[in-house]
1. Which members of the range A:71-108 meet the condition of being more than 9 Å from every other protein chain (Cβ to nearest Cβ), surrounded by fewer than 17 Cβ atoms within 10 Å (Cβ to Cβ) and not hydrophobic (A, V, I, L, M, F, W, C)?
2. I'd like the residue in the range A:113-158 that is charged (D, E, K, R) and open to solvent by less than 50 Å² (accessible area, probe 1.4 Å) and, out of all such residues, is farthest from the other protein chains (Cβ to nearest Cβ).
3. Just to be sure I understand, how many residues within the range B:249-293 are more than 30 Å from B:K232 (Cα to Cα) and touching a Leu at 6+ places or on another chain (Cβ under 8 Å)?
4. When residues of the range A:541-587 are filtered for being part of a helix (DSSP H, G or I), open to solvent by less than 60 Å² (accessible area, probe 1.4 Å) and modelled with pLDDT of 80 or more, how many remain?
5. So the check is Cβ under 8 Å with 6+ separation or different chains; which pairs have a first residue in the range A:159-179 that's more than 14 Å from every other protein chain (Cβ to nearest Cβ) and at negative phi and a second one that's among the charged types (D, E, K, R) and buried (at least 23 other Cβ atoms within 10 Å of the Cβ)?
6. For the range B:166-188, name all the residues that are assigned to a helix (DSSP H, G or I), within 14 Å of chain A (Cβ to nearest Cβ) and in contact with a strand residue (DSSP E or B) (Cβ under 8 Å, 6 or more places away or on another chain).
7. Only one of A:S151, A:S118, A:S127 is in contact with a strand residue (DSSP E or B) (Cβ under 6 Å, 6 or more places away or on another chain) and within 24 Å of A:A57 (Cα to Cα); which?
8. Hey, can you tell me all the residues within the range A:207-223 that are farther than 29 Å from A:A43 by Cα and open to solvent by 10 Å² or more (accessible area, probe 1.4 Å)?
Amino acid sequence: MIPQDRFRGLFHKYLLALFVAVAIPLAFNGVIEAWFGYRDQRARLDQWLSLQSASAAAEIHDFIHGITSQLGWLVQLPWSDEFDERRRTDALRLLRQAPAIVSLTLLDGNGLERLYISRIGLNRIESRTDRSADPALVGARAAQIWFSDVSYNRGSEPYLTVGIAGNRPAVGAVIAEVNLKLIWDVISAIKVGRTGSAFVLDRSGRLIAHPDISLVLRGAEEATSKPFRAVRDAIGSKAGFATSRDAQGHYVAASAAPVQGPDWTVVVVQPLSEAYAPIYSALWRTAMLLAISTMLAGILAYALAHRMTEPIKLLEEGTERIGAGSFDHRISIHTGDEFQRLANSFNRMASELALAQQHQERIAKLKRFLAPQVADLVDRAGDDSVLDGRRTEVVVVFCDLRGFTAFSAGAAPEDVMSVLSEYYESLGRVIAKFEATLINFSGDGLMVLVNAPVPVEEPALRAIDLAVDMQTNVQALIAGWRSRGYHVGFGIGLASGPATVGRIGYEDRLDYTAIGSVVNLAARLCASAADKEILIDAKVAADVKGRRPVEDLGGREIKGFDEAIPVFGISFDALSPSGRGMSGTIR
Amino acid sequence: MAGAATWTTVSYGQKPSMPVIGYLCPESPELFGSRLEAFRQGLEEAGFVEGRNVAIDFQWANGQYSRLPALAAELVARNVDLIVAPGGAPVALAAKATGTTKTIVFEMGGDPVQLRVVDSLSRPGGNITGVSSLSVDVSPKRLELMRDLLPTATRLAVVANPTSPTAPSQLQKLQAAAEALRVQLQIYSASKEDEFESVFAAVARDGPGGVVFTSDPYFAFRSRRLAALAMKYQLPAITQTRDFPVAGGLMSYGGDFMQSHHRAGIYAGRILSGEKPSDLPVQLVTKVELVVNLKAAKLLGHPFSAAVIAGADEVIE
C-alpha cells in the first residue's frame, strides 16, 4: 500500500507541474491578448461612434442647410415700390419644394412686410407692417442667417424660425417658420449599427428630433427630454464615447456631434450590448480558447505524467517481484532513455541474483556432506567442480555401535532415539572438528571420508586422530549408557587407498560418495573391530608409523578378501585425547 | 339594429388570443377602400397584419352618420381590444360618447382639442389619441384660393353640413377670412346627397361665382357626385379632398388623408403592442396638398394663375 501511495503522489506532482508549466503561459497569453483586444475594440468603437455622430450631424445640417439655401433665393433682388407677382410665385414654389416650411415672410430693405405666405393661414400681400424690430430680422441683419430657439406649435410640434438677410439691405430679408417634425424623415433614416439610433437636442437640451415621433410631439415636456439630456451631459465635452442609460434604463454607448447654425447637438446611441458585442465575443473567444487549451494542457500533462510514471511504476513492481524472489521476472521498458537503462540494470541484477541463488542452493546441498569449513571454502571458490568424479587417495573411516541391534530390539523407541541422538551429536562434532567428509549414516553405522573432496595434509594421521577422538567421545557416552543399563560398544575401521569419488544420485537427492575396495576394506575392518577397538590397514599404519602408537595385530581373515590381511590397531587408551589438536591444516 | 350592415372578418380558426380591432367606419367599404388600405399599411409597419396576428371587426355606417353611436356601442358590447374611429369628428365623438375604457384611435380633419376629444395635442389624456389632417383648419385657405381664381367676384358660395360638429367654427373662420379677402359669403347647407343638386342649382341661380365646400367627411366621400354637379352647373368649386379634382372637379386643398390614415394605423399597432394612449401625442399631418385640374379650369373658362400652378402639389391635365 505504501509504495502505491508514493506512486500516486509522484504522478500528481508530475501532473501538476506539467499542467502549470503549460497552462500558466497560456493563461498569461490569453489575458494579455484579451486586454489588448479590449482596448483595440474600444478604440474602434469610439472611432466608429464618432463617425456615426458626425455623419448624423451632417445629415441634420443638410436638412437645415437645404432650407436656408432655398430661402436664400428669395433674397436676391432689390425691392421696388410695386409688388412683383413673381415673388409670390417663387414663394409658393418654395413652399412646395420645402415641405417643412410652414410660412414665409418677405421683408423689404426697410423692414416692412411685403409678402406673407402660409400653408394654413391666409396669405398677406403688401401689408407693409413694420417688422424692423422683429428679432428674426435683427438677427438676420447681424449674422445673415439667424436661428430662433425651438418653440412648440400648440404645445406639441417643434417649430424653428429662420431669418435670412440678403447680401445688401435693398434685397430685404426672409423669415420662415420651419416645422421640425419633418426632421423625422432624416432622423428615422439614420441607423447606428443594427439597433442604434440618433436624436437631436436643441441648445437648452430639449428633444427636437427622435425616431419615435410621439416623444418629440410631447413638446417642451421636461420629463421627456430629461433622459436624453442626461445622455448628452454624460458625453460632455470629453473626447470619445460615453456610456449612459436611455429613457428605458438600458445602458447605451453614446457619442455626440454639434450641428452648426441652430446650435443643436446630435447624439447617436447604440445599446451597450450591441456596441460591446465584438468586445464580448472577442473575450468569449479568448475564454473559450483558454478553456480548450487548458483542457489540452490537462490532457497533455496527464499523458506526459503517465508516460513518466508508468516506467517508474513498472520498475517499482519489477523490483518488488524480484525482491520477493521472482528472479526470472524481467522489467520490460522500451522508452529509449534512462528508464530503459535502469530497467536493464535491474534485469541484469535479477539474473545475477538468480545465479547467486542457484549457487547458494548448491552450496546448501554441499553443506550436507561437507564439513562447514570445507563447504564455505567451496562456496567462496564459487565452484563446485571439486565435487566432480575423480580417482584419488582417500582414507575411509567406518564406525558403528556393537550390540545396538539387540539393544534397540529390547529398549523403548524413545530410548533408542535418545541414544542415537546423543551418539550422532557427538560424532558430528568430531567430524566437523577434523574437517572430514560425512558420506552417509544408516542406523548406528557411519562412513566418513578424509582427503576428499578437499585434499588435506597427512590424511592418515588426521583419520587416526579422528578415530581416536570418536572412540574417546563415544566411550564416554557408553559409560553413561551403561549406568542406565544399555549395553553397547563402539568400533572403528580405517583403510587408505585409491577410490573413485564424486557425486551420485539425482536432482535434489545428490550424495557424495567413494567407490573402491578401500571402502569395502574399511567397512570390513569396522565390522571386525571389537568395542573400544580401532582397526587400521597396513597403509594407514605405515603412514602414521612412529607418530602414533600402532600395534600390529597380525593377519586377519576379512570377509570379502581371499587372503588374510595384515591388520593394525591403535589403543585409544594409550592416546590422551586431550591436549592434542589437529596436526594438519586444510589446504 | 335591423339590417345593421355589420361585416366582420373574424373567421373560424383564428387564435383566441388574437387582439381584435373594432373599426368604426362612417361610409361603405367601397368609398373607404383607399383609406382602409393606408390604415392597414400603417398597422403592418407597427407589426400587425389582419388575419395573422390581429382581427378587425368592421362596423359600416354606409353614410348614415346618425347610426354611428349605435355602431360604436355595438363594438363596445363586443368587447374589442381597441376602437379605431377614422373619417372625421362625428366618428371620434360617437366612439368617445360610448364611455368605453378601451383605447380609441381617431382620424379626423378637425381640431381634436377644440372638439374636446382630447385635452391637449402633446398629452391627449384619457384613453383616446389619433391623427388630425388639418383639413378643417385650412377652410379659409380654400376661400383664398377661390378668391385668387376669381379676383373680380364679390360674392362666393360656401357649402356647409349643418350636422357636422365642426361646421360652426369653420363658418366663423370663413367669415373672418372673407372680411380680409373683401368678399361676401353666401352660405348653403347640405347634409344629404340628394340635397347637393339643389344647392348647385341655387348657387347657379343666385349668382356667386365660385363654391367653397367646408371640410366635411360626408362631402369628401361624395367627391365624384360633387365634381359631376359642379361641371354640370359650370361652377368653379373647391373641396378638401383630392378625390374631387381627380374626379373632374376644379381643385382641392386639404390634408393628405393617406398620411393621416397611415399614421392612425401605426398608432393602432403601437397601442396593440402595449403603449399607453396618453403617451402618444395627437399627430397633425405634415402635408397639406393643393391639387388642381387644368382640364376643368379650361372647361370652366377660369385659367389658374402661374403662382397657383407653381404652388400646386399635383396638377391634373
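1. A:G72, A:Q76, A:P78, A:S80, A:D81, A:E82, A:D84, A:Q97
2. Here the residue is A:D134.
3. So in the range B:249-293, the residues more than 30 Å from B:K232 (Cα to Cα) come out as B:259-287.
Pick out the ones that are also touching a Leu at 6+ places or on another chain (Cβ under 8 Å) and you get B:261, B:265-272, B:281-286.
Total meeting the criteria: 15.
4. Taking the range A:541-587 as the starting set, the residues that turn out to be part of a helix (DSSP H, G or I) are A:541-544, A:572-574.
Restricting the remaining residues to those that are open to solvent by less than 60 Å² (accessible area, probe 1.4 Å) gives A:541, A:544, A:572.
From the residues that got through so far, the ones that are modelled with pLDDT of 80 or more too are A:541, A:544.
So the count comes out to 2.
5. Close Cβ pairs satisfying both conditions: none exist.
6. Within the range B:166-188, B:Q170, B:L174, B:Q175, B:A178 meet the criteria.
7. Numbers: A:S118 fails: within 24 Å of A:A57 (Cα to Cα); A:S127 fails: within 24 Å of A:A57 (Cα to Cα).
None of the other options fit; the residue is A:S151.
8. Residues satisfying the conditions are A:D212, A:I213, A:L215, A:R218, A:A220, A:E221, A:E222, A:A223.
The values are calculated or read from the model by the stated rules, or taken from the named source; none is laboratory data. Just so you know, these numbers come straight off a predicted model, no measurement behind them. FYI the Cβ positions are ideal-geometry reconstructions off the backbone, even for glycines, and counts take in every protein chain you see. Just the protein is used for accessible areas: all its heavy atoms, side chains included, with ligands, DNA and RNA removed. Shrake-Rupley method; radii C 1.70, N 1.55, O 1.52, S 1.80 Å.
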